[in-house]
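Presented below is the structure to which this report refers.
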Amino acid sequence: MIPITKHTRDVLLEVAKKKKIYVEGNFLKILQAPNGDVEFEEYLKVCKEKDSTARRKRLQVTKQVQKQNKELVSKQEETDALMEELQIALESAKQSEEVANQLREEAEKGMGKALEDLELMQKKTQFELISTIVKVALYVIVGVGVLTTVMYGLALMSGTDTQIIGSTWSNMFGILLTNAFSIVGTIMGVKYATEKE
């Protein structure tokens, strides 16, 4: 365990309060709060909770990407198998002109179908990724809005001067609403731009 000096403790707490940046990763396992320092112990607890949440989110994204990769590999194997079958069919079709023409047409149709399937799978994957990004962005926007409102409410109830917090709260909500509409508008634009008639 690494004992924390007063200067380091103060810097970590100040960065967490002002910039909302917390220590994370394996480094948390070796940090130790000074004896009887309740505030720093609470800080370490929050760091561990945030780290745990971030790890869970990364694991979910990794699992989702792995699942999508398996689907793409499966489709690629199907496409490869289809291409091999088409090659064998073309080699055996050299015996007659009529059979070769028929097989060529079937090969073009099969290849077009395989490319359509692959394109459809890629669009589906892109749509799911966009959907995930939108959900995460909206969660962040709603979370920041709720947290700012709670902090503003606590400041109002505690009777402290709320002039700065009030204007900050108002600005924050304006920015959050603008970002929310921007995200939704961008996604809708991409959706309609990529649709075929």
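Points to keep in mind about this one:
- Within the range 62-90, being among the aliphatic types (A, V, I, L, M) and either loosely packed, with under 13 Cβ neighbours inside 10 Å or not in a helix (DSSP H, G or I) (or both) holds for VAL65, VAL73, ALA81, ILE88.
- For ALA137, the conditions (1) over 20 Å from LYS18 (Cβ atoms); (2) modelled with pLDDT of 80 or more; (3) of a type outside the set (Lys, Arg) all hold with the exception of (2).
- Qualifying residue in the range 44-58 (condition: part of a helix (DSSP H, G or I), surrounded by 14 or more Cβ atoms within 10 Å (Cβ to Cβ) and over 24 Å from the mean Cα position of the chain (by Cα)): yes
- Test result for ALA114, farther than 25 Å from VAL65 by Cβ, at pLDDT 75 or above and surrounded by 14 or more Cβ atoms within 10 Å (Cβ to Cβ): no
- Residue match in the range 185-194 (condition: more than 20 Å from GLN126 (Cα to Cα), in a helix (DSSP H, G or I) and without any contact (Cβ under 8 Å) to a residue 24 or more places away in the chain): no
- Residue in the range 12-29 that is within 30 Å of SER131 (Cβ to Cβ), touching a residue at least 24 places away in the same chain (Cβ under 8 Å) and not aromatic (Phe, Trp, Tyr) present: yes
- Close pairs from the range 139-159: first more than 14 Å from TRP169 (Cβ to Cβ) and in the same structural domain as SER170 (by TED's automatic domain parsing), partner modelled with pLDDT of 75 or more and not charged (D, E, K, R), Cβ under 7 Å, at least 6 apart: ILE141/LEU176; ILE141/ASN179; ILE141/ALA180
- Top-ranked residue in the range 12-56 [being closer than 19 Å to VAL136 by Cβ and acidic (Asp, Glu); ranked as modelled with the highest pLDDT]: GLU49
- Counted residues, the range 153-177 - those being over 30 Å from ILE187 (Cβ atoms) and of a type in the set (Ser, Thr, Tyr): 4
- Selected residue (criterion: nearest to ALA16 (Cα to Cα)) from residues of the range 91-107 that are part of a helix (DSSP H, G or I) and among the small types (Gly, Ala, Ser): ALA107
The values are calculated or read from the model by the stated rules, or taken from the named source; none is laboratory data. Every value quoted in this text rests on a predicted model; they were computed, and no experiment measured them. Virtual Cβ from ideal backbone geometry, glycine too; neighbours counted across all protein chains shown.
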